[in-house]
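All remarks here apply to the structure that follows.
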Amino acid sequence: MHTFYMKEAIKEAKLAFQKDEVPIGCIIVHQDKIIARAHNLREDTQNAIAHAEILAIEQACQYLNSWRLEDCTLYVTLEPCAMCTGAILQSRIKEVIYGAQDPKGGCIESCIQLYEYKGFNHYPIHKAGILEEECSSLLKQFFKEKRIKKKMSKS
């Protein structure tokens, strides 16, 4: 089941790629139904918080007419950053499933382990590595193309 939903998140990441956005996609599932889907839109909106997870959480809250997403699972192609990890805590999402780890900004396992700090009133279940290679290679391809374009523009 995790593979099916991660493939849906990857579809969102590919939409971001087509828009020249960092290819990160996210979906939120409630009672075996996708209730929110989003991808990064920081470049398009020029908004620092337009991360896939934030946008998907907003949609899910609207869909359920509640800020509490207690029975929801969030699937995202890249380990969430500090902002998104905090939003996941605040929205009470039950479970976080992600594809690739983010050694430069991930805050579930990589840079810090935010969900291991004592004192929060909610701790989501989390699982990494679902379709990790596919998630990771999409990001690598995006940044490789960015470097080539940059190099060509300097020539």
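The values are calculated or read from the model by the stated rules, or taken from the named source; none is laboratory data. Because the structure is a prediction, the values reported are computed rather than measured. Heads up, the Cβs are rebuilt from the backbone with ideal geometry, glycines too, and the neighbour counts pull from every protein chain shown. Surface accessibility is based on the protein's heavy atoms, side chains included, excluding ligands, DNA and RNA. Shrake-Rupley method; radii C 1.70, N 1.55, O 1.52, S 1.80 Å.
How much net charge surrounds residue 83 when only other residues with a Cβ under 14 Å from its Cβ are counted (Lys, Arg +1; Asp, Glu -1)? Kindly include the intermediate steps, with their values, before the conclusion.
Working: positive: 42; negative: 53, 58, 79, 102.
With Lys, Arg at +1 and Asp, Glu at -1, the neighbours total -3.
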### Task
Mind sorting out which of [x] 194; [y] 105; [z] 138 is the real volume of the Cα convex hull per residue in Å³ computed from the coordinates?
[y]
### Task
Pop out the carbon and sulfur fraction of the accessible area of the range 29-154 as a percent, whole number, probe 1.4 Å.
50
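So which trypsin sites (Lys or Arg not before Pro) in the range 68-155 end up in coil per DSSP with only 12 or fewer other C-beta atoms within 10 Å? All intermediate terms of the calculation are to be shown ahead of the outcome.
Values: sites: 68, 92, 94, 104, 118, 127, 140, 144, 146, 147, 149, 150, 151, 154; in loops: 68, 92, 94, 104, 118.
Taking the range 68-155 and a limit of 12 other Cβ atoms within 10 Å, the loop trypsin sites (Lys or Arg not before Pro) found are 104, 118.
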#### Entry: In sequence order, calculated HN-Hα J values of the range 100-110 (Karplus, 6.51, -1.76, 1.60; Hz; x Gly/Pro)
9, 6, 10, x, 9, x, x, 10, 9, 9, 7
### Summary
By the Cα gyration tensor axes a ≥ b ≥ c (a/c under 1.5 gives rounded; else a/b larger than b/c gives prolate, otherwise oblate), the shape of the range 76-155 is prolate
### Task
Give the relative contact order (percent, whole number) for the range 40-90; include only Cα pairs under 8 Å separated by 6+ residues.
32
### Task
Convert each backbone phi in the range 41-48 into a coupling constant with the Karplus relation 6.51 cos²θ - 1.76 cosθ + 1.60 (shift: θ = phi - 60°), then list the ³J(HN,Hα) values in order as whole Hz, x for Gly and Pro.
9, 4, 5, 4, 9, 6, 10, 4
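Please compute the per residue accessible area over the chain with all protein chains in place, 1.4 Å probe, rounded to a whole number of Å². Spell out each step's value before the answer.
Details: 8670 Å² over 155 residues.
With the other protein chains kept in place, the chain gives 56 Å² per residue.
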### Message
I'd like the chymotrypsin sites (Phe, Trp or Tyr not before Pro) in the range 45-99 restricted to DSSP loop residues with at most 13 other Cβ atoms within 10 Å, sorted by number.
### Response
67
### Query
Which of rounded, prolate, oblate describes the range 1-77, given a ≥ b ≥ c as roots of the alpha-carbon gyration tensor eigenvalues and a/c under 1.5 marking rounded, otherwise prolate only if a/b is larger than b/c?
oblate
### Simple spin-label estimate for residue 62 and residue 111 in nanometres, 7 Å along Cα-Cβ
2.8
### Query
Could you give the angle, 0 to 90 degrees to the nearest 10, between helix 2-18's Cα long axis and the longest principal axis of the Cα atoms of the chain?
40
### Most positive-pole-ward Cα, 91, 153, 52, against dipole of the chain from beta carbon charges
153
### Query
trypsin sites (Lys or Arg not before Pro), restricted to the range 1-58: which are DSSP loop and have at most 14 other Cβ atoms within 10 Å?
19
### Message
Please report the net charge: other residues with Cβ closer than 15 Å to the Cβ of residue 113, K and R +1, D and E -1.
### Response
-2
### Message
For the chain, set up a GNM with springs between Cα atoms under 10 Å and report which of 72, 111, 135 has the largest fluctuation.
### Response
111
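Report the antiparallel proportion of the DSSP beta bridges in the chain as a percent, rounded to a multiple of 5. Walk me through the intermediate numbers first.
Numbers: 11 of 20 bridges.
Close to 55 percent.
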### Query
Around residue 8, what is the net charge, scoring Lys/Arg as +1 and Asp/Glu as -1 over all other residues with Cβ under 14 Å from its Cβ?
+2
